[in-house]
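A short worksheet on the structure shown next.
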């Protein structure tokens, strides 16, 4: 999650890649025609857009924001066949990234994380489904915010 935070603060994809669901894992999970192309064009592209939106949320001095913690609600099992998936996995929607800026605790959501071989990765930062090609910040809040249970596909 510190890698994710570095990517948000710097508005750069590279520092956030260790926190992001790996392409090879995505290719194994998805039961779609070309999962690698979908990964590059949609999944990774959306992550980059959402990192930029979260960076802008930090305002004129993003370096003044300090990572505090991530609040992770309970995970649930996504069975094979659901959400266009070939295999099952554990997923947790609506985690919260909490930070401090200007002495104030603030937060925003992480739309979806997936466990792969015992490690949690961000798979959708700002939104699972979006209406356009712009970055999304999931439920920014003053304070730690609230993780609201939801289905992600």
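Numbers at a glance
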{"quantity": "Residue tally, condition surrounded by fewer than 20 Cβ atoms within 10 Å (Cβ to Cβ) and modelled with pLDDT of 95 or more, over the stretch 120-135", "calculated": "1"}
{"quantity": "Leading residue by the ranking (surrounded by the fewest Cβ atoms within 10 Å (Cβ to Cβ)) among those in the stretch 93-110 that are farther than 18 Å from residue 56 by Cα and modelled with pLDDT of 95 or more", "calculated": "103"}
{"quantity": "Close pairs (9 angstrom Cβ cut-off, 6 or more residues apart or separate chains): at positive phi in the stretch 127-146, surrounded by fewer than 13 Cβ atoms within 10 Å (Cβ to Cβ) and modelled with pLDDT under 90 anywhere", "calculated": "139/148"}
{"quantity": "Per-region count, the stretch 6-16, residues free of Cβ contacts under 8 Å to residues at least 24 places away in the same chain and touching a strand residue (DSSP E or B) at 6+ places or on another chain (Cβ under 9 Å)", "calculated": "1"}
{"quantity": "Which numbered condition residue 88 misses (of (1) within 26 Å of residue 34 (Cβ to Cβ); (2) in contact (Cβ under 8 Å) with a residue 40 or more places away in the chain; (3) in contact with a helix residue (DSSP H, G or I) (Cβ under 9 Å, 6 or more places away or on another chain); (4) surrounded by fewer than 20 Cβ atoms within 10 Å (Cβ to Cβ))", "calculated": "(2)"}
{"quantity": "Yes/no for residue 63 being at pLDDT 95 or above and outside any helix (DSSP H, G or I)", "calculated": "no"}
{"quantity": "Set 54, 24, 40, 3: member being on the phi < 0 side of the Ramachandran plot and either free of Cβ contacts under 8 Å to residues at least 12 places away in the same chain or not in a helix (DSSP H, G or I) (or both)", "calculated": "24"}
{"quantity": "Test result for residue 18, in contact with a helix residue (DSSP H, G or I) (Cβ under 6 Å, 6 or more places away or on another chain) and either assigned to a strand (DSSP E or B) or more than 24 Å from residue 132 (Cβ to Cβ) (or both)", "calculated": "yes"}
{"quantity": "Leading residue by the ranking (farthest from the chain's Cα centre (by Cα)) among those in the stretch 66-75 that are in a strand (DSSP E or B) and exposed (fewer than 14 other Cβ atoms within 10 Å of the Cβ)", "calculated": "66"}
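The values are calculated or read from the model by the stated rules, or taken from the named source; none is laboratory data. What you see is a predicted model; the values in this text were computed from it and never measured. Backbone-built Cβ (ideal geometry, glycine too); neighbour counts: all protein chains shown.
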